[in-house]
Amino acid sequence: MIKRTTTIFLFLLAIIPQLAEASQVLKGYWHYREFLSRNPEQQMLTDKMVNTVRRDPVPLTVKQTRPITISVVFPGQQISDYWVRNIKAFELRMQELGIQYQLNQVFTRPNVDARELSLSLMEAIKSNSDYVIFTLDTTRHRKFIEHVLQSSKTKLILQNITTPIKAWDKRQPMMYVGFDHELGTYRLLDYYRSLEPMGSEYSVLYYSEGYISAARGDTFIQSMETLGRYRLASSYYTKATEASGYEATLNIVKNDPKVKFIYACSTDIALGAIKALKELKRQDIIINGWGGGSAELKAIAKGDMAVTVMRMNDDTGVAMAEAVKWDLEDKPVPTVYSGDFEVVTKDDSPERVKRLEKWAFRYSDR
């Protein structure tokens with residue numbers, strides 16, 4: 001049973017206030033396509049990076065006087081293997097490019113204690129790292145990044161975000177890199193729209209409060225509202241863990257037993273929902289994944305998960321390595337880069353899934 005307190009992260013949202021808040025969260029960002037359409041020179045650089053990521057590596061053309069130092073702070077302690085695979089792909093591509101480097105990495109938990117996170121990040125800056133690879137999801141992330149942009153020569157690569165912050169237009173991070181949350185969400189929206197009949201009720205399992213929940217969850221809800229064919233029965237923020245996804249799903253089915261599908265915003269949450277639906281013997285309720293990592297593909301193969309939007313996972317690790325190379329060669333680096341997606345369903349042939357895995361994990365499966 002979920003206790004309703006002022007400090008709990010998991011709670012039922014009122015639909016109207018939630019939608020109003022959603023637009024506020026994303027208001028300060030340039031959408032991926034919007035940013036590129038407004039900046040033709042950036043579109044050219046991004047297109048060049050897209051082509052480079054898909055090709056064999058071309059070694060660094062300048063001589064290094066010393067190894068560069070790179071600090072990585074990622075929320076890697078979760079079931080989703082995106083982060084771990086990402087850094088492996090990054091390192092292997094760096095080696096292929098012939099770049100000398102030293103890597104310091106810290107894997108934290110989603111919703112990690114703010115003090116612990118700040119200490120890890122400040123240590124990276126104090127050590128005069130040439131590059132810091134970080135993410136941006138919460139307000140405390142943003143405050144730290146603004147501090148670095150204003151007071152440090154360290155170059156920032158922001159992972160898992162592809163929408164530049166408007167307020168930073170005069171001094172952006174070196175690159176935003178990831179798989180655009182909105183573009184991936186639209187792929188899942190198309191799937192549900194083609195599958196579910198008019199009038200179907202659904203629920204949403206958010207990530208923790210922050211940018212990812214807005215970009216994946218609110219985008220989905222607002223798009224569904226625009227269609228006018230479906231009814232949002234409930235929506236829950238979670239702690240971005242399997243356990244919180246499990247607890248929220250028990251509440252969803254208890255309060256709204258007629259729901260036809262549950263839109264999940266991350267791997268861990270989706271797997272928790274699957275566990276709850278099995279326990280309740282409600283496998284008739286459709287659940288999606290988000291990201292298409294190894295755990296999700298196994299769930300799809302077993303028929304537990306209906307669909308996922310699969311990131312071509314290693315694209316972003318490769319893109320970060322290429323960005324470092326371009327920077328060392330004093331070439332312009334694109335401000336934004338989003339990797340490729342493919343929709344995978346439980347009806348797909350094992351052969352298709354294997355082909356996608358072979359490309360998506362071309363570095364990280366080595």
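Worth pointing out:
- Residues satisfying the stated conditions in the range 189-200, i.e. assigned to a helix (DSSP H, G or I), in contact (Cβ under 8 Å) with a residue 40 or more places away in the chain and over 11 Å from residue 224 (Cα atoms): 191, 195
- When residue 79 is tested against (1) open to solvent by less than 30 Å² (accessible area, probe 1.4 Å); (2) modelled with pLDDT under 95, only condition (1) is not met.
- Test for residue 255: is it buried (at least 24 other Cβ atoms within 10 Å of the Cβ), of a type outside the set (Asp, Glu) and under 26 Å from residue 219 (Cα atoms): no
- Test: residue in the range 86-95 that is modelled with pLDDT under 95, in contact with a Phe, Trp or Tyr (Cβ under 8 Å, 6 or more places away or on another chain) and crowded, with 19+ Cβ neighbours inside 10 Å: yes
- Matching residues, the range 277-288, being assigned to a helix (DSSP H, G or I) and surrounded by fewer than 22 Cβ atoms within 10 Å (Cβ to Cβ): 278, 279
- The residue that is nearest to the chain's Cα centre (by Cα), counting only those in the range 161-177 that are open to solvent by 10 Å² or more (accessible area, probe 1.4 Å) and hydrophobic (A, V, I, L, M, F, W, C), is 174.
Results for (1) aliphatic (A, V, I, L, M); (2) farther than 19 Å from residue 186 by Cβ; (3) assigned to a loop (DSSP other than H, G, I, E, B), shown as yes or no for each residue.
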{"residue": "254", "(1), (2), (3)": "no, yes, no"}
{"residue": "258", "(1), (2), (3)": "no, yes, yes"}
{"residue": "272", "(1), (2), (3)": "no, yes, no"}
{"residue": "309", "(1), (2), (3)": "yes, no, no"}
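- Breaking point among (1) part of a helix (DSSP H, G or I); (2) within 28 Å of residue 173 (Cβ to Cβ), for residue 332: (1)
- Whichever residue in the range 47-66 is β-branched (Val, Ile, Thr) and either touching a strand residue (DSSP E or B) at 6+ places or on another chain (Cβ under 6 Å) or open to solvent by 70 Å² or more (accessible area, probe 1.4 Å) (or both) and, among such residues, is nearest to residue 130 (Cα to Cα): 65
- For the range 336-366, the set of residues classified as assigned to a loop (DSSP other than H, G, I, E, B) and open to solvent by 20 Å² or more (accessible area, probe 1.4 Å) consists of 340, 346, 347, 348, 349, 362, 365, 366, listed by residue number.
- Screening residue 149 with (1) part of a helix (DSSP H, G or I); (2) within 22 Å of the chain's Cα centre (by Cα) gives one miss only, at (2).
- Restricting the range 331-366 to residues that are hydroxyl-bearing (Ser, Thr, Tyr) and touching a helix residue (DSSP H, G or I) at 6+ places or on another chain (Cβ under 9 Å) leaves a set whose member that is nearest to residue 155 (Cα to Cα) is 335.
- Residues of the range 236-252 that turn out to be part of a helix (DSSP H, G or I) and out of contact with any Lys or Arg (no Cβ under 6 Å at 6 or more places or on another chain), as a count: 10
The values are calculated or read from the model by the stated rules, or taken from the named source; none is laboratory data. Note that the coordinates shown come from a computational prediction; the quantities given were computed from them, not determined experimentally. Cβ coordinates were reconstructed from backbone atoms using ideal geometry, including for glycine residues, and neighbour counts include every protein chain displayed. We work out accessible area using only protein heavy atoms, side chains counted, and drop any ligands, DNA or RNA first. Shrake-Rupley method; radii C 1.70, N 1.55, O 1.52, S 1.80 Å.
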